[in-house]
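The values are calculated or read from the model by the stated rules, or taken from the named source; none is laboratory data. Everything numeric in this text was worked out from a predicted model, so none of it was measured. Don't worry about glycine lacking a Cβ; one is built from the backbone with ideal geometry, like all the others, and counts go over all protein chains shown. Accessible surface areas use protein heavy atoms only, side chains included; no ligands, DNA or RNA. Shrake-Rupley method; radii C 1.70, N 1.55, O 1.52, S 1.80 Å.
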Amino acid sequence: MSSIVLDLQQEVLKPECDVLNALRKAHLIASKLKLKEFDKWIMHELNGYSVKEQDKIPEYRKVNGKLKAWNPYRGWTSVIFQDSKMQSLLCTKYLGSSIGEILELYNNSDGPVQMSYPVDIERKIDEMCSAPFPTNYSLHISTHVLKSIVDQVQNCLLEWTIKLENEGILGEGMRFNKDETNLAKKVPQTIYNYYGTVVNGDIQQSQVVSGDHNNISFNYQQTENLIQKIKEAIQNEQISDEDRETADELITDAESKIINQKKPAIIKAALNGLKDFLIGAGANIAGALIMQYLQQQGI
């Protein structure tokens, strides 16, 4: 008879994983095993986070974008900041939308996603920028950032199934026996146990990122060097100004993950997204640099 835990594990490993269906299976497993805290995270991902639950939004839902102002003659134009703290405040958001909504945004957007600001915040931005007339502002976020949120959810589900398997909790069909239900108490329920970076050692930034079923040698310095080569290559690529701006956003996102030494899988997802965009935009040399690097590293 099949195991619902292993079935879920196989589901999240598929390239075409239906993350909504995977979350529903995870909800069933967590309910049967009485893992209430972990199930709360699952339901938040399925239904979204309310205004009162903003403090519960995980760090992987923190996104950065570019603040732009609407100019009736030139369209959306970037806002230049003199104050880095104000820039961080206005250009950073925690997305509380459900995974279904995030997926819909990702699948239906042919460019950066625009997120509006409340009217009172817009008027304060007017004052800060000494705008000659009131206008609209929006935060422009790369769709790649949305995909990385979905990828993180899949990664969390995978890590969770691995921990369940390690404890011998597999289930028979759709059922778990009493021993499995008792063993489930040993499994961490806080979502922060399933994402982030656990690093051992520090040899020229070549780290060993460890965890259950995971022992990967990864050189962060080499990846930083790759980013510099990509930046140089893009200077000579014949791409549109809009694509160049989006490429800069994706590079900044990948560079941030490398500097903060996120897990290799997270960095790989960022680099893959950047590669796909660059090749699609016609920046083939820069895209080929990433493809060659990923193949060499085996990540």
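What the table below lists for this structure:
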item	result
Any hit, the range 34-41, residues being open to solvent by 80 Å² or more (accessible area, probe 1.4 Å), modelled with pLDDT of 90 or more and within 24 Å of the chain's Cα centre (by Cα)	yes
Check on Asn177, surrounded by fewer than 14 Cβ atoms within 10 Å (Cβ to Cβ), at pLDDT 85 or above and within 20 Å of Ala269 (Cβ to Cβ)	no
Filtered residues of the range 30-44 (kept if more than 21 Å from Glu172 (Cα to Cα) and in contact with a Ser or Thr (Cβ under 7 Å, 6 or more places away or on another chain))	Glu37
Test: residue in the range 83-90 that is within 25 Å of Met43 (Cβ to Cβ) and surrounded by fewer than 16 Cβ atoms within 10 Å (Cβ to Cβ)	no
Subset tally (residues that are part of a helix (DSSP H, G or I) and open to solvent by 30 Å² or more (accessible area, probe 1.4 Å)) for the range 135-144	1
Top-ranked residue in the range 246-263 [being in contact (Cβ under 8 Å) with a residue 60 or more places away in the chain and loosely packed, with under 15 Cβ neighbours inside 10 Å; ranked as nearest to the chain's Cα centre (by Cα)]	Ser256
Filter result (among the hydroxyl-bearing types (Ser, Thr, Tyr) and in a helix (DSSP H, G or I)) within the range 240-296	Thr246, Thr252, Ser256, Tyr293
Filter result (touching a Phe, Trp or Tyr at 6+ places or on another chain (Cβ under 9 Å) and hydrophobic (A, V, I, L, M, F, W, C)) within the range 237-255	Ala247, Leu250
Residue within the range 105-115 that is open to solvent by less than 30 Å² (accessible area, probe 1.4 Å), in a helix (DSSP H, G or I) and not basic (Lys, Arg) present	no
Residue match in the range 49-62 (condition: over 19 Å from the mean Cα position of the chain (by Cα), assigned to a loop (DSSP other than H, G, I, E, B) and within 21 Å of Asp120 (Cα to Cα))	yes
Subset of the range 153-174 (residues that are closer than 21 Å to Gly48 by Cβ and open to solvent by 20 Å² or more (accessible area, probe 1.4 Å))	Gln154, Asn155
Candidates Lys147, Lys68, filtered to the one that is surrounded by 14 or more Cβ atoms within 10 Å (Cβ to Cβ) and modelled with pLDDT of 90 or more	Lys68
